[in-house]
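The following block contains the structure, expressed as structure tokens.
The values are calculated or read from the model by the stated rules, or taken from the named source; none is laboratory data. Note that the structure is predicted; figures quoted are calculated from it, not measured. Accessible surface is based on the protein model in full, side chains and every heavy atom, while ligands, DNA and RNA are left aside. Shrake-Rupley method; radii C 1.70, N 1.55, O 1.52, S 1.80 Å.
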Amino acid sequence: MTPDNPPSTPTYKERRKSEVFRWIVFINERFEPVSHFIMIALFVYAHYLVADASKFVIIEPHLVGYVALGTCLFFLKLRLYDEIKDYDLDVEKNPTRPLPRGLLGHFDVKRAIELCLILEIIFFTSCGAPAFIAIMFAIAYSLLMYKEFFIPEMIRPHLTTYATSHTIVTFFLSIAVFSSFSRFNPWSMDEDFYLFALLSWLSFNIFELGRKVYQPCEEREGVPTYSSIWGKFGAFMLVFVHAIAVSALILYISTVQYFFMLKLLSIQLILLFIIGIIYLCGKTKATGNLFRLYSSVFIVLIYTSIIVNYFVRGLK
């Protein structure tokens, strides 16, 4: 006996609407638009100012849009990589995330990765042949990351090595951004560009390391963190030493206002130290949250300070 009102097959338009809605939900949950837009905008604009300050570079304004779109897609692709790589762990420990709960399937995410790769190449190649070469280096390294350097069993148990070897991709992305703006090949750039790319890698290390530092009361069994591996003091020092290294590299960039930047960086380091002491002495979730929050904000402060530096430099 057939039902009086059998379910109708969704139309193509309905399926597309459903797919778009699911991706909107995914983006809001796993690639929060506002915070990522701010971070990517600061990242690109800081690169633009460093390149523009070089006496060897004249930047065409339309290139900024191509680079911003390509960079945004690059970071989104990295997020998609992690959704697939972490799937088995998420099923066990984070079942409410998009893939484990069935919001999207592996095929959907892999198709999105392919689209991101194509668009990245298009946007960066629009900035010239050097940018194409540079972004291909960045993409190649990102694909090695995706495959976990073909040694997942060896590298996954070592959380710190795993994280810092993955964040190196930001060095290659930084070089690609500079190639786009300057039209220089990746191997023949201004020394300042290499210094800035290196400090970008270290800055993203701070972002990555700091977000997995917890108080003992927050730790979850079976979920490795830097605080569970290195202890509270070791995890704090891991972040703080990176912050000192980033600050030192910034001061070596020839076009920064040395004493002005020294003041800004000193304030940020002192704040990090004070918040670190609060974290070390505290035992509550609030102190853990405070340290994670400032570690995440630190990268924003770094790029903001660099931008402010060039505005001050332009006023003199």
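How high is the relative contact order of the chain, given as a whole-number percent (alpha carbon pairs under 8 Å, six or more residues apart)?
Reported as a whole number, the value is 18 percent.
Only Cα pairs under 8 Å and at least 6 apart count here; give the relative contact order of region 179-316 as a rounded whole percent.
33 percent.
Here is a follow-up. So what's the back-of-envelope 222 nm ellipticity for the chain, counting only DSSP H runs of four-plus at -39500 (n - 2.57) apiece and dividing by all residues, rounded to 500?
Dividing the helical sum by the residues of the chain leaves -25500 deg cm²/dmol.
Just checking my list (i) 173; (ii) 188; (iii) 203 against volume of the Cα convex hull per residue in Å³ computed from this structure; which label fits?
The calculated read-out lines up with (i).
What is the gain in length, in nm to one decimal, between Leu115 and Arg313 on full extension, counting 0.36 nm per residue of separation less the C-alpha to C-alpha distance?
67.3 nm
Accessible area per residue for the chain in Å², computed with a 1.4 Å probe and the full protein assembly in place, what is it?
51 Å²
Moving to a separate point now. Would you rank Cys72, Cys217, Cys116 by solvent-accessible area, highest first, keeping every protein chain in place and using a 1.4 Å probe?
Cys217, Cys72, Cys116
Let me ask something else about it. Do you know the Lys pair count in the chain for C-alpha distances under 25 Å, with sequence separation 8 or more or different chains?
Total qualifying Lys-Lys pairs in the chain comes to 27.
Quick check: at a probe of 1.4 Å, how many percent of the accessible area of the chain sits on carbon and sulfur atoms?
Answer for the chain: carbon and sulfur cover 68 percent of the accessible area.
I want to verify a result. In a Gaussian network model of the chain, Cα cutoff 10 Å, which of these has the top mean-square fluctuation: Ser305, Ser180, Ser266?
Answer for the Gaussian network model of the chain: Ser266.
Which of Phe260, Phe240, Phe204 ends up with the largest GNM mean-square fluctuation for the chain, with Cα atoms connected below 10 Å?
Most flexible of the set in this elastic network: Phe260.
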